[in-house]
């Protein structure tokens, strides 16, 4: 199927603007648990979807095959004309976008031995059971709009390992890379080794105690908070009113040490040179030394808020709408190492991962989340025991304001949507509220 | 699509120890309204095939939506090649099950196909107008109306031949009410298997307006009580989420056996814990895909095994695990029909359907009259549970103080944070009422959100630690 042809037909049939996106997908995933492979999956798919704007109305449609293309688009245009106007749509990105190319070269990597490499690295630390996945994602993307015709090949590898020790207590690590160079550093051996080390530390965990603690967050764990920050930076979420950053441009939203940028040009999952309406992507400094500088925009949200797009328009599903979404959140590193930061803690915790983040009040940022994969109680700079069964019950803005220090090393972390393609360092946060069932 | 599935079966069945094809066509429409603006509206069709093969103990799968002969051949070869490649590090078996041939569907009185998109958009506009004209400051109003008609064909090398046509509709809203005293938020998912005849019975306009009033009252009149142990009556919505999270998930055999370990986690329930006490002896928690018109309804699962009711906790004891053919083979038992795949591009894994607490014989008044001081938590907003399904939290959305057997004023954000045995062990009375809500249950990677119902009656829990 041909995106250019779909665009041409849409315009001939009366669309004012259209964006046709074709994706050829060839993904391979190997899943393993209990030191054995469970399944090897492969996806061989092709999709073509067209965003259509006509007379101020918008819709999106999937095209199943070339023969049905004209009829499907014709039907979609008739469908769109019966819709109410969509005042949120302010036009597709109208300028010419030059192809820049991206740093993604893992598409020809053979991952078949990666599970074994990850398992062996974990088992070296005395692990009993290892589970995880190696997932190679390969996409050819063609995007054609009234103003641009673009193509690029995106590829990335996600490596996740979770390890269980003799007490059944886990450790976990998960990374994303788009280049062979990064893979050599953050590939299967890295995650196996790190998860194995965490599990080895997670000896006989006991129920934790409620209170307020200084917490050293692992990059994977801090990445989860950064994921929430990234989602709240979307101008769509701000416009709807569900973001905890509503009406805060120019305000101090975090401590001085926090600088966060969306970096789609940087190697890692989320790398791309153009967004889903054909705008060039760029690195966008969203929070600078704790001050909120900008939201993340599509062309439409930018026009609505009187600014320029940041190149974050994302297909929300069969091109039915183009809502801003971050591509790859990157936190600027600090100056100290993990051990140094740990030594600053008189009484606190080191937490490896969290999951199940839920909001009681999304607009205010009130939430809770559950630590897992290693919760370590620290006294006088030393880990003294492992904990279990606690919860972080906090406010996201308070958490951001209480960041005391960031680590000097940044890890590419990505795990199951909880932490979604983030570059994050260790983070030392003061006065974190810990609750539990005890 | 059935002829395509038959072609694929013919291509692959002689090349694997086990070979399975699942072909699906999904005709859908989605309307998304944000604060009164219809920001997305689409209808269309999604179709494709899942091919699963077992060769020498290795399992491989290929998923494709390309149906020309060359692409189908490539997908078949790919599934077999994937299986062969991992067989040296793998030992997958499936339980032996009878092969069925059947067709099933769900009746629609007002068919999805007969409802035009303009009418669906009008539904959302009417609710939007109802909310904005109510005078309550609902500053966030998000609505999604989705319908889907799924045609599915499951064919296996063992002779299974199941076809189905499943209609589902789903209305989701999220709202935030804000005032000087703060915000309260709510969401709800009204969903069922069937046609649009259900729309009016749901009364979404009335429900959303009521919800806005409840949130407004909670902000302005809701009291924060002193932390402490007290009695708690929970409504069906809270009963349902607890049944789903701390009974349904921990009894999924794949979690118990570790296959989901790196994602949703494992379980505090171990393979040898059947018969162990987990709650008071009046607690019966069930998962049942055959509840008529339920959002998770099916007659056969995605491995072609007949669906049936499963008693997960029976008389307060751990009773049965949810099984697919892979986990059943690992535990030396039979599948109880819990294999589900969220779409044609996903593998069938162990899932819930409709998970609920069986009703007892109390009325709400009878439960209230024995409570001197406590909380009635009718619904919840925030919740979460750890990855072994032991440490859980629910925060009340609509909640009231109970004093001397009577419901008094609104209580704001009461929190219970407790373990699974503490929750189910505290239950001393179960209502004779019954209600269900829709939900989308997440699991696996790539993510598989499957439609479910959660529910049950009111329940009374004694001496529970409450906090604010």
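Bear in mind these aren't lab numbers, they're just calculated from the coordinates by the rules spelled out. Keep in mind that this is a model prediction, so the values were computed, not measured. For neighbour counting, all protein chains shown are included, and Cβ atoms are generated from backbone atoms with ideal geometry for every residue, glycine included.
Details
- Measure of compaction for chain B (Cα Rg per 2.2 N^0.38 Å): 1.03
- Relative contact order [Cα under 8 Å, 6+ residues apart], the stretch A:177-328, whole percent: 21
- Length gained when the stretch residue A:11-residue A:67 is fully extended (0.36 nm per residue, less Cα-Cα span): 18.4 nm
- When each of the peptides A:191-201, B:144-154 is scored by the mean number of other C-beta atoms lying within 10 Å of its residues, the order from highest to lowest reads A:191-201, B:144-154.
- Highest mean first, the peptides B:37-47, A:332-342 sorted by other C-beta atoms within 10 Å per residue fall in the order B:37-47, A:332-342.
- Distance in nm between pseudo-label sites at residue A:409 and residue B:277 (7 Å out along the Cβ direction from Cα): 4.9
- Inter-part distance where the stretch A:248-280 and the stretch A:32-52 are each reduced to a Cα centre, Å: 27
- Residue exposure proxy: A:285, B:232, ordered by other Cβ atoms within 10 angstrom of their Cβ from fewest to most, comes out as A:285, B:232.
- Rg over Rh, two decimals, the stretch A:17-164 (C-alpha only, Kirkwood Rh): 1.15
- Number of partner chain Cβ atoms within 10 Å, mean per residue of B:260-269: 6
- With eigenvalues of the C-alpha gyration tensor scaled by 5 and rooted, chain A, Å: 41, 26, 17
- For chain A, built as a Gaussian network whose Cα springs stay under 10 Å, the top-fluctuating residue of A:56, A:317, A:381: A:317
- FRET efficiency, 1/(1 + (r/R0)^6) with R0 45 Å, evaluated for residue B:71 and residue B:365 via beta carbons: 0.10
- Angle of helix A:3-12 to the longest C-alpha principal axis of chain A, folded into 0 to 90 degrees and rounded to 10: 40°.
- Normalising the average separation of contacting C-alpha pairs (under 8 angstrom, six or more residues apart) by the number of residues puts the relative contact order of chain B at 16 percent.
- Those residues of the stretch A:373-403 whose amide nitrogen sits under 12 Å from the label point placed on residue A:204, 7 Å along Cα→Cβ: A:385-386
- Cα long-axis angle, helix A:188-201 against chain A (0 to 90 degrees, to the nearest 10): 40
- Based on Cα contacts under 8 Å between residues 6+ apart, the stretch B:15-167 shows a relative contact order of 32 percent.
- Average partner coverage of A:84-92, which counts Cβ from other chains inside 10 Å: 3
- Estimated 222 nm signal from helices in the protein assembly as shown, with DSSP H stretches of n ≥ 4 weighted -39500 (n - 2.57), rounded to 500: -6000 deg cm²/dmol
- Sorted ascending by nearby beta carbons within 10 Å, beginning with the fewest, A:105, B:68 become B:68, A:105.
- Helix axis angle, A:219-232 relative to chain A longest principal axis, alpha carbon, degrees: 40
- Each of A:362, B:462 has some number of other Cβ atoms within 10 Å of its Cβ, and from fewest to most they run B:462, A:362.
- Within 10 Å of each Cβ in B:416-427, the average number of Cβ atoms from other chains: 2
- Protection proxy ranking, peptides A:15-22, B:308-315, B:358-365, average beta carbon neighbours within 10 Å, highest first: A:15-22, B:308-315, B:358-365
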